[in-house]
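So the structure is just underneath, and the comments pick up after that.
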Amino acid sequence: MPSRNNTSDPGDDAKPGDADADAEPMTATSPPTSDNNHRDVVVVGAGISGLAATRGLVEAGKSVAAIEHRDRVGGRLWSPELNDQSGRVDLGATWFWPGEPRVLALAEEFGLPLHQQHLDGDATYHQPNVSQRIDGNPIDVPSYRFSNGAQSLAEAVAGVIPEGVIQLNTTVTSVRGVGPFELDVVEQANGSRTVITADHIVLALPPALAASNIAFAPPLPDRLHGLASMTPVWMGSTTKVVVHFARAFWRDAGLSGSAISHIGPMREIHDMSGPGGNPAALFGFVPNMTPGPEPTADEIRHQLVELFGADAANPSQILIADWRKEPGTAPDGVEALRAYQAFGHDLYQRPSLDGRLHWCSTETAVISPGHIEGALASAERVVSQIASSNISPSSLQGSHP
Ligand SMILES: Cc1cc2nc3c(=O)[nH]c(=O)nc-3n(C[C@H](O)[C@H](O)[C@H](O)COP(=O)(O)OP(=O)(O)OC[C@H]3O[C@@H](n4cnc5c(N)ncnc54)[C@H](O)[C@@H]3O)c2cc1C
């Protein structure tokens, strides 16, 4: 994955303890609809952080609704099946690394098949007028892969969450008041709106997306809104390309499939084949530093032929995921968000709004922010905060209009 890029600190003037400094007095605008629609906690988003948080909260005895915009769980873990049904490939996260114990423990708990990233063979480096075969593979590092796709991790966690808790195809559009909060939940199919009330909210989506797409009334404190709006979405401006072939022909030529390239849309290319080379696939990242179109299939084929030879001219399938265009991932203008030092910011480490609004998602993690590991670490923090919270419905008296 591309490395993080540091610019100025959005939280320079955001001091710990100041989170609620700009808050307006909180009043709910309308009473809760019915007890059936009240939960101890509403988790916004069923990516891996929201799923892990939901699971932990249910196990802690809380009533939970997990509201998910997409028609699937996993968010940035997305592993569609290939057209020929020979396996799944990752259009979102691909790897996890030694030293990421949470991901490994979860994969082992569910018995998910894993394999090592293919490292053997030489790498290639291409720029205009220079084409170099590099002895060995300095591009890849040892890492683990999910043999059934990284989304299988999310699906496994969702599988142990009681039925009815996760609501797919529904979007949280607004949050009103506090104690309890009122959330507008809109169904994709027909636009119908339900109000759910909750004592706690877990924002398990990129902070910039929450700041841009969820209307808070009263508004979030200025510093918190400013920080969230400036926090980059990890890989949210990247286009990922997966190219499926009948066989991993580059391995026959002693190539690892890894390349750094400046001659086409993909900057960084890796082998994405399954165990033993099946299904055979290469993948590449297109870094979009500015808005622009996604690469065409012709451009991708041309680049791969330049790098790996004529065998690359006839792929079985090309899959392209432009994460900038995913409304469940990226706010408008996501390419411009570069303040990576906002990741794991102090203001995300403790609940806001009198201890009731909790920041989940990988961007808020102190440990491995950006990675699946970070998403799991953020969920752990939130579960522990809510499980030990002394806020109870009885302490909310006087909060209703
Ligand atoms: C191309 C790419 C490659 C990556 N490679 C790796 C890798 O190799 N290794 C690694 O560790 N990490 C990688 N990552 C990062 C990894 O995918 C993330 O760290 C992790 O999946 C984030 O999980 P999350 O739960 O924090 O957020 P998300 O997965 O973004 O989940 C947020 C969820 O909230 C939902 N949502 C959004 N708005 C609303 C709303 N208003 N109402 C209801 N639901 C909403 C979304 O649909 C989504 O399901 C990669 C990411 C991408 C995109």
**Q.** Diffusion constant of the range 167-250 at 20 °C, which comes from Stokes-Einstein with the Kirkwood Cα-pair radius and 1.002 mPa s, µm²/s
**A.** 139 µm²/s
Q) Give me the log10 of I(q) over I(0) for the range 274-401 at q = 0.09, 0.13, 0.20 Å⁻¹, as the Debye formula computes it from C-alpha points; what are the numbers? A) -0.48, -0.80, -1.17
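Please give the direction-averaged projected area of the C-alpha convex hull for the range 314-373, in square nanometres with one decimal.
Computed as one quarter of the Cα hull surface, the answer is 6.6 nm².
Just want the ordering: LEU220, LEU112, from fewest to most Cβ atoms lying within 10 Å of their own Cβ.
Ranking LEU220, LEU112 by Cβ neighbours within 10 Å, fewest first, gives LEU112, LEU220.
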Q. Hey, can you rank 231-239, 175-183, 197-205 by average C-beta count inside 10 Å, highest first?
A. 197-205, 231-239, 175-183
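What do you get for Rg/Rh of the range 65-147 when both radii come from the Cα atoms and Rh is the Kirkwood radius? Walk me through the intermediate numbers first.
Working: Rg = 17.0 Å, Rh = 15.8 Å.
Here the Rg-to-Rh quotient is 1.08.
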(Q) So the label point goes 7 Å from the Cα of GLU306 along Cα→C-beta, right? Which residues of the range 122-137 then have their backbone N under 13 Å from it? (A) 125-132
Q | Rg and Dmax [Cα atoms of the chain; Å; Rg one decimal, Dmax integer] | A | 22.2, 73
Q | P(r), alpha carbons of the range 151-200 - 10 Å bins starting at zero, rounded % | A | 23, 38, 34, 5
Q. Computed over the Cα atoms of the range 258-297, what is the convex hull's projected area averaged over all directions, in nm²?
A. 3.4 nm²
Q: Provide, as a two-decimal number, the C-alpha radius of gyration of the range 97-246 over 2.2 N^0.38 Å, N being how many residues it has.
A: 1.47
Q | Alpha-carbon centroid distance for the pair the range 244-305 / the range 178-197, whole angstrom | A | 42 Å
Q | Isotropic mean projected area of the C-alpha convex hull, the range 194-291 (nm²) | A | 10.9 nm²
Q) For the range 224-338, what D do you get in µm² per second when you plug the Kirkwood radius from alpha-carbon pairs into Stokes-Einstein at 25 °C and 0.890 mPa s? A) 162 µm²/s
Q.
Need one number: convex hull volume per residue for the range 39-186, Cα atoms only, in Å³.
A. 184 Å³
Q) Any idea what the dipole of the chain comes to, in debye rounded to 20, about its Cα centre with Lys/Arg Cβ at +1 and Asp/Glu Cβ at -1? A) 160 debye
Q) Going highest first, how would you order 82-89, 185-192 by mean Cβ packing within 10 Å? A) 82-89, 185-192
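Taken together, the values in this text are just the output of simple stated rules run on the coordinates, not laboratory data. Owing to the predicted nature of the structure, the values given are computational and were not obtained by experimental measurement. We place every Cβ from the backbone using ideal geometry, glycine too, and count neighbours over all the protein chains shown.
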